[in-house]
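Below is one structure, written out as structure tokens, with a few remarks after it.
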Amino acid sequence: MKLALGADTVKRSLSAHAAIGLIGGALLYLLCLSGTVLVLYEEWQRFEQQDAPEMDGISPAAVQRGIAEVLATEAGMTPTTHLYVHLPVEALPRTTITTDHQAFHLTEDGAIAMPEENHWSEFLYGLHYAFNLPVLVGMTIVGALGALMVALAISGVIALPRIFRDAFRLRAKQSGGIALADWHNRLSVWTLPFTLAIAITGAVIGLATVTAYPMAQGEYGGDIEAVYAPIFGEEHPADPAPAPIPNVAAAIEHMTAGYPGVETSFAIVHDPGTAGQHVQMIGTHGQRLIFGEYYHFKPDGTFESTGGLADGEIGKQAAASVYSLHFGDYGGLPVKIAYIVFGLGLTVVCATGVYIWLGKRRRRGFSEPRLLGAWHGVVWGGAAALASTLLARFVIGNEAPFAAIFWILFAAAIVAGVFVPRRAAMPQPPEQPAE
């Protein structure tokens with residue numbers, strides 16, 4: 001018995017297949033858009049809370065005072081496992097102490113000034129890092145998209161062998177889809193090194209997190225930190241017996257005297273107020289891609305060792321360089337500007353690629369106005385929804401439900417694109433590739 005499918009069934013199946021492709025393209029577009037905006041992560045924090053105290057530096061004694069005051073506010077709470085002191089640096093000249101429960105900005109003399117209020121910046125980080133989903137689920141998707149981006153870049157070069165020769169050939173004044181295809185292909189060439197760097201590092205960050213979970217369950221009894229220990233160092237054995245607050249001031253003084261060419265950006269106290277506590281300092285090295293080097297100290301401020309991220313095995317140095325290369329937080333403002341420019345170019349490539357794909361399908365007889373409308377919703381609705389969350393930050397406040405606002409508006413834009421009739425026709429792409 002021969003199974004025959006009706007023309008309407010085939011058409012619906014093709015539309016469903018196209019819709020699945022559109023979902024992947026939409027997530028890739030959001031990833032590029034949010035990543036471009038996230039380049040200014042520190043600047044967004046300053047913009048969010050403009051009245052927070054800023055300073056060129058802070059004394060070790062003031063840091064010690066701030067730690068004591070913050071821990072005093074947590075009496076009766078579950079003991080914090082990690083206390084982070086963000087020290088003032090050029091990109092973010094503020095001193096901020098963060099625990100498992102809360103975060104405070106400090107004044108220059110170490111007194112608590114005000115709570116940290118940067119929930120919008122953290123929402124933006126979560127959007128790019130994991131689409132505001134649980135970490136394992138979100139980073140699985142993000143890692144897969146990074147791998148997909150690598151495949152798209154390489155296959156695009158192979159499919160268009162003249163793409164490099166015509167790198168500066170732009171027929172922007174041509175009618176129809178020729179200009180659209182030219183913009184897509186030119187931007188693809190101009191951003192190719194950046195695209196590969198971002199895509200490969202993004203895939204590494206995302207998929208490394210995904211693979212760490214099964215490794216932890218199978219080999220380390222569920223201990224995620226043990227998986228990363230060979231690269232980033234092991235946690236000290238816990239000892240919950242009460243102990244005086246560690247001498248972080250002495251550790252900072254040691255960094256200043258012993259490593260004058262290193263900028264100390266963070267002090268981390270593990271299990272503060274317990275006998276098992278220890279102190280880590282993170283020092284950034286100029287002209288290096290590594291996010292920093294770990295400097296380990298005993299509770300009394302005595303130096304123990306470094307983590308080897310700056311001068312250890314090549315694998316450690318490579319792993320420590322992935323984050324900075326992906327997020328563009330090396331080289332100061334010029335590098336950030338370059339990342340924004342190339343990031344915008346990559347975002348346009350993602351948007352125009354789907355427009356070209358839908359246009360080719362229509363030219364082949366598969367007209368899908370609802371999918372086209374949905375893509376309009378993705379491109380313009382995604383940008384508008386992100387801008388709306390920033391507006392909500394100042395209209396509603398720091399506690400606004402940014403993730404809910406974004407995803408509801410984004411979904412509404414797509415639904416509107418599907419069901420609202422569109423009179424404007426999309427430019428037809430050329431019959432042959434514009435190469």
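Derivation of every value follows stated rules applied to the coordinates shown; laboratory data play no part. For clarity, every value in this text was computed on a predicted model and none was experimentally measured. Cβ sites come from the backbone with ideal geometry, for glycine too, and all protein chains shown count toward neighbours.
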Label-to-label distance, nm, for residues given as Leu133 and Glu253 (7 Å Cα→Cβ offset): 5.1 nm
Listed residues Gln317, Gln217, Gln49; largest mean-square fluctuation, Gaussian network over the chain with Cα springs below 10 Å, found at Gln217
Taking +1 at the Cβ of each Lys and Arg and -1 at the Cβ of each Asp and Glu, which of Gln49, Ala404, Phe394 sits farthest along the dipole of the chain towards its positive end, judged by Cα position relative to the Cα centre? Ala404
Could you list which residues have their amide H under 5 Å from that of Phe366, counting only those 5 or more apart in sequence or on another chain, with H placed in the peptide plane? none
The answer for Thr274, listing residues at least 5 apart or on another chain whose modeled amide H is closer than 5 Å to its amide H, is Ala243
³J(HN,Hα) across the stretch 281-293 via Karplus (A = 6.51, B = -1.76, C = 1.60, θ = phi - 60°), whole Hz, x for Gly/Pro? 10, 10, x, 8, 10, x, 6, 10, 7, 4, 5, x, 10
Place a point 7 Å from the Cα of Glu263 along the Cα-to-Cβ direction; which residues of the stretch 318-345 have their backbone N under 20 Å from it? 320-340
Estimated FRET transfer efficiency (Ile314, Ser367; beta-carbon r; R0 51 Å; 0.05): 0.40
Cα→Cβ-extended label distance, 7 Å offset, between Asp109 and Ala61, nm: 1.1 nm
If amide H atoms are modeled at 1.01 Å from N in the peptide plane, then the residues at a separation of 5 or more from Thr95, or on another chain, having amide H under 5 Å from its own are Leu106
In the chain, if the dipole is taken from +1 on Lys/Arg beta carbons and -1 on Asp/Glu beta carbons about the Cα centre, which of Ala147, Ala130, Ser265 is farthest to the positive end? Ala147
Could you give the dipole magnitude of the stretch 252-366 about its Cα centre, charging the beta-carbon of Lys and Arg +1 and that of Asp and Glu -1, in debye to the nearest 20? 1500 debye
Under a Gaussian network model of the chain whose springs join Cα atoms within less than 10 Å, the largest fluctuation of Tyr339, Tyr125, Tyr259 belongs to Tyr259
Local electrostatic count, Val39, Cβ distance below 10 Å [Lys/Arg +1, Asp/Glu -1]: -2
Dipole magnitude of the stretch 176-270 about its Cα centre (Cβ charges: Lys, Arg +1; Asp, Glu -1), debye to nearest 20: 500 debye
Starting at the first residue of the stretch 134-140, write each ³J(HN,Hα) from the Karplus equation 6.51 cos²θ - 1.76 cosθ + 1.60 with θ = phi - 60°, in whole Hz, x for Gly and Pro. x, 3, 5, 5, x, 6, 4
So, over other residues within a Cβ distance under 11 Å of Thr264, counting Lys, Arg +1 and Asp, Glu -1, the net charge is -3
Taking Rh as the Kirkwood radius computed over C-alpha pairs, what is the Stokes-Einstein D of the stretch 280-423 at 20 °C in a medium of viscosity 1.002 mPa s, expressed in µm² per second? 110 µm²/s
Residue-ordered couplings for the stretch 223-230, obtained by feeding phi - 60° into the Karplus form 6.51 cos²θ - 1.76 cosθ + 1.60 and rounding to whole Hz (Gly and Pro as x), are 8, 5, 4, 5, 5, 8, 4, x
In a Gaussian network model over the chain where Cα atoms closer than 10 Å are linked, find which of Val420, Val262, Val354 has the largest mean-square fluctuation. Val420
Label point at Glu122 placed 7 Å out along Cα→Cβ; residues across the stretch 31-51 whose backbone nitrogen lies under 19 Å: 38-51
How large is the Rg to Rh ratio of the chain when both quantities use alpha carbon positions and Rh follows Kirkwood? 1.03
I want to check the label-to-label distance for Thr73 and Ala208. Put each point 7 Å from Cα in the C-beta direction and report it in nm to one decimal. 3.3 nm
From the Cα centre of the stretch 185-234 to that of the stretch 369-418, the distance in Å is 29 Å
Treating only the Cβ atoms of Lys and Arg (+1) and Asp and Glu (-1) as charged, compute the dipole magnitude of the chain about its Cα centre; round to the nearest 20 debye. 3760 debye
Distance in Å, no decimals, from the C-alpha centre of the stretch 68-110 to the one of the stretch 294-345 is 22 Å
